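Undergrad: What follows is a single structure, and I will ask about it in a moment.
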Amino acid sequence: MTEIFKGSFTQQEPIPDAGIAAALRVMQSGRLHRYNTQGDEIAETALLEEEFADYTGAKYCLAVASGGYAMATALRAIGVKPGDKVLTNAFTLAPVPGAIASVGAQPVFVGVTEGLTIDLEDLAAKADQASVLMLSHMRGHLADMEALITLCEGKGITVIEDCAHTMGAAWKDVPSGRSGLIGCYSTQTYKHINSGEGGFLITDDAEVAARAIMLSGSYMLFERHRAAPPPEVFAQIKYETPNVSGRMDNLRAAILRPQLADLAAQCERWNARYRVMEDGLRDVPGLTIVERPEEERYVMSSFQFLLLDWSAQAVADVMARCLARGVELKWFGGAEPTGFTSRYDSWRYAASEPMPASDRVLAGIVDMRLPLTFSEDDCAMIARIIRAEVSAVYQTIAAE
Ligand SMILES: *Cc1c(COP(=O)(O)O)cnc(C)c1O
């Protein structure tokens, strides 16, 4: 019997009941705006920031309207200006170069390794071109953060971390987002906690935090923040910093607080699914598993494998055969951006040099989501289907 998978790769779990109840309370109050508080009431948004600062160990946290907004705010807060260059990953998603372009700066793309992390050799080679690195922990794969920070410190490069896929992850027990000057996160539906849209920015730098808070649209109400520097830090900054509104609201914060409380347990559930996939796809000829370094504590809500040096036609055959059995794979090698996938050379607003070694890796990356609505048995079935279809296509290539 040919197994057909029936699940949806884009279906997340419902918002937990505690989040729904909290959301109803906010709606009943009518006070959705974070600065619309009564008496000594503390806004849900301010509480969420305090809890996220606590969760990551950061001194300061700002909740904002999206992950992309957090990244653009980080760039503005450290003074990136139009025309400046910003180093970033060639293997990432559109909001990353988009955040750089949104402040008028130019991305300088850095290559990707077979481990799906930023290529530190290529970073060293390009380090003299920019003084900021927007480091994307794409699809949850962490580079050697100690080596990366040492390299960047040596070159005077400020690191901003895009942790859209690494909320809850760590390198040698340093939470993702805590190695660079600023960490940015997304709470969009497809990430680790879900408020539809939303994001965070964390830092230990008081001045950066104050600028980010002013930028987000705090007017002169910054004293209602809790995970924020003291008022004296704002003394000068409040006159100098433009308002680029992108606040989070209390409704989203109310939905997120119970999810943040559950995050550690959810991360375990994601990783259990990931390991089932990993086990199911080992030792398939032609298929390369992305091995994880021991120093990395990952949170994998998606799965990637490589079909290295396969022709575009052969990869397309695998994708079509898997899709026919209900397994929706994404390919990063396609010349045209489709769905969520895109390549550095498809962002035509940002000039790029060809990177043959990275192109080879990108051409082999196959990607899928693993939402928590999938059971571990579902993941085992998905792995069996991929295994069978990759093997079938591989045999025809080998026979040619
Ligand atoms: C989702 C995502 C972001 C932020 O996205 P928003 O939709 O703006 O919250 C940033 N980087 C990566 C790699 C992402 O996937």
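Undergrad: So what is the orientation-averaged projected area of segment 1-146, using the convex hull of its C-alpha atoms, in nm²? Provide the component values of the computation, followed by the final result.
TA: Values: hull surface 56.9 nm².
So the mean shadow area of the Cα hull is 14.2 nm².
Undergrad: Just the Kirkwood number for the chain, please: inverse of mean 1/r across all distinct Cα pairs, in Å, one decimal. Before the final figure, lay out each step's value.
TA: Working: mean 1/r = 0.0456 Å⁻¹.
In the chain this quantity evaluates to 21.9 Å.
Undergrad: When the dipole is taken about the Cα centre of the chain, and only Lys, Arg (+1) and Asp, Glu (-1) are charged at their Cβ, what size is it in debye, to the nearest 20? Can you show the working numbers first?
TA: Values: 36 positive and 52 negative charges, 205 e Å.
Rounded to the nearest 20 debye, it is 980 debye.
Undergrad: Going by alpha carbons, how many degrees (0 to 90, nearest 10) lie between the helix axis of 206-217 and the longest principal axis of the chain?
TA: 90 degrees
Undergrad: What is the helix-to-structure angle for 67-77, meaning the angle in degrees between its Cα long axis and the longest Cα principal axis of the chain, kept from 0 to 90 and rounded to the nearest 10?
TA: The angle comes out near 50 degrees.
Undergrad: If I take every Cα pair under 8 Å that is 6 or more residues apart in segment 1-159, average their sequence separation and divide by the length, what percent do I get for the relative contact order? Please report the intermediate quantities before stating the final value.
TA: Details: 162 pairs, mean separation 24.0, N = 159.
It rounds to 15 percent for segment 1-159.
Undergrad: Identify which of G67, G246, G199 has the largest mean-square fluctuation in a Gaussian network model of the chain, with springs joining Cα atoms closer than 10 Å.
TA: G246
Undergrad: Something else about it: Over all pairs of distinct alpha carbons, what does the Kirkwood formula give as the hydrodynamic radius of segment 160-201, in Å? The partial results should precede the final answer.
TA: On the way: mean 1/r = 0.0975 Å⁻¹.
Over segment 160-201, the inverse of the mean reciprocal pair distance is 10.3 Å.
Undergrad: Name the residue from T189, S245, I160 whose Cα lies farthest towards the positive end of the charge dipole of the chain, charges +1 on Cβ of Lys and Arg and -1 on Cβ of Asp and Glu.
TA: Of the listed residues, the answer is S245.
Undergrad: Out of the DSSP beta bridges found with both residues in the chain, what percent are antiparallel (nearest 5)? Provide the component values of the computation, followed by the final result.
TA: Details: 26 of 41 bridges.
Approximately 65 percent, going by the DSSP bridge assignments.
Undergrad: Please tell me the relative contact order of segment 276-400 in percent, rounded to the nearest whole number, where contacts are Cα pairs under 8 Å and at least six residues apart. Intermediate results must be reported in sequence, preceding the final value.
TA: Working: 150 pairs, mean separation 48.4, N = 125.
Averaging sequence separation for qualifying contacts and normalising by length gives 39 percent for segment 276-400.
Undergrad: From the phi angles alone, apply the Karplus equation (6.51, -1.76, 1.60; θ = phi - 60°) to segment 119-125 and give each ³J(HN,Hα) in whole Hz, x where the residue is Gly or Pro.
TA: Ordered by residue, 3J(HN,Hα) equals 7, 5, 5, 5, 4, 4, 5 Hz.
Undergrad: Working from Cα positions, state the angle (0 to 90°, nearest 10) between the long axis of helix 145-155 and the longest principal axis of the chain.
TA: For helix 145-155, the angle is close to 60 degrees.
Undergrad: Can you tell me the Rg and Dmax of segment 322-400, counting just the alpha carbons, in angstroms?
TA: 15.6, 44
Undergrad: Hey, quick one: spin label on S375, modelled 7 Å out along Cα-Cβ, who in segment 8-45 has an amide N within reach, i.e. under 15 Å?
TA: Residues 8 qualify, since their backbone N sits under 15 Å from the label point.
Undergrad: I need to check one value: relative contact order of segment 17-261, counting alpha carbon pairs closer than 8 Å and at least 6 residues apart, in percent. Don't skip to the end; give the middle numbers.
TA: On the way: 511 pairs, mean separation 69.4, N = 245.
That works out to 28 percent.
Undergrad: Continuing with the same structure: Any chance you could list P(r) for segment 222-279, counting all Cα-Cα pairs in 10 angstrom bins from zero, rounded to whole %?
TA: 17, 28, 23, 19, 11, 2
Undergrad: Identify which of C163, C184, C152 has the largest mean-square fluctuation in a Gaussian network model of the chain, with springs joining Cα atoms closer than 10 Å.
TA: C152
Undergrad: Further question on the same structure: For segment 263-399, build the charge dipole from Cβ charges (+1 Lys, Arg; -1 Asp, Glu) around the Cα centre, then report which of Y349, L287, I385 sits farthest towards its positive end.
TA: I385
Undergrad: Let me ask something else. For the charge dipole of segment 17-261, defined by +1 on Lys and Arg C-beta atoms and -1 on Asp and Glu C-beta atoms about the Cα centroid, which residue among S216, L133, T113 has the Cα displaced farthest towards the positive pole?
TA: S216
Undergrad: Only four residue types carry charge here, +1 at the Cβ of Lys and Arg and -1 at the Cβ of Asp and Glu. Report the dipole size of segment 249-400 about the Cα centre in Debye, rounded to the nearest 20.
TA: Values: 17 positive and 23 negative charges, 78 e Å.
That gives segment 249-400 a dipole magnitude of about 380 debye.
Undergrad: Please return the longest range in the chain lying between exposed loop sites, taking trypsin sites (Lys or Arg not before Pro), DSSP loop only, at most 15 other beta-carbon atoms within 10 Å, and leaving the sites out.
TA: Working: sites that count: K6, K59, K172, R282, R348.
With trypsin sites (Lys or Arg not before Pro) excluded where exposed in loops, the chain gives 60-171 as its longest stretch.
Undergrad: In addition: Using a simple charge model, +1 on the beta-carbon of Lys and Arg, -1 on the beta-carbon of Asp and Glu, nothing else, what dipole does segment 230-289 show about its Cα centre, in debye to the nearest 20?
TA: Details: 8 positive and 8 negative charges, 36 e Å.
Dipole magnitude for segment 230-289 comes out near 180 debye.
Undergrad: So which residue, out of P230, P356, P175, gets the largest mean-square fluctuation from a GNM of the chain using Cα contacts under 10 Å as springs?
TA: Judging by the Gaussian network model, the answer is P356.
Undergrad: Give the calculated FRET efficiency between R282 and E41 to the nearest 0.05, with a Förster radius of 51 Å applied to their Cβ-Cβ distance.
TA: On the way: r = 54 Å, r/R0 = 1.06.
Computed FRET efficiency for R282 and E41 comes out at 0.40.
Undergrad: What area, in nm² and to one decimal, does the C-alpha convex hull of segment 263-399 cast on average over all directions? Don't skip to the answer; put the middle values down first.
TA: Numbers: hull surface 39.0 nm².
The orientation-averaged projected area of the Cα hull of segment 263-399 comes to 9.7 nm².
Undergrad: Further question on the same structure: In nm, to one decimal, how far is the A101 label point from the A392 one, both placed 7 Å along Cα→Cβ?
TA: Label at A101, label at A392, 3.9 nm between them.
Undergrad: Hey, quick one: spin label on E146, modelled 7 Å out along Cα-Cβ, who in segment 50-67 has an amide N within reach, i.e. under 16 Å?
TA: none
A short reminder: the numbers here are calculations on the coordinates, not readings from a lab. On a predicted model such as this, the values are computed, not experimentally measured, just so you know. Every residue, glycine among them, receives a Cβ derived from its backbone with ideal geometry; neighbour counts consider all protein chains shown.
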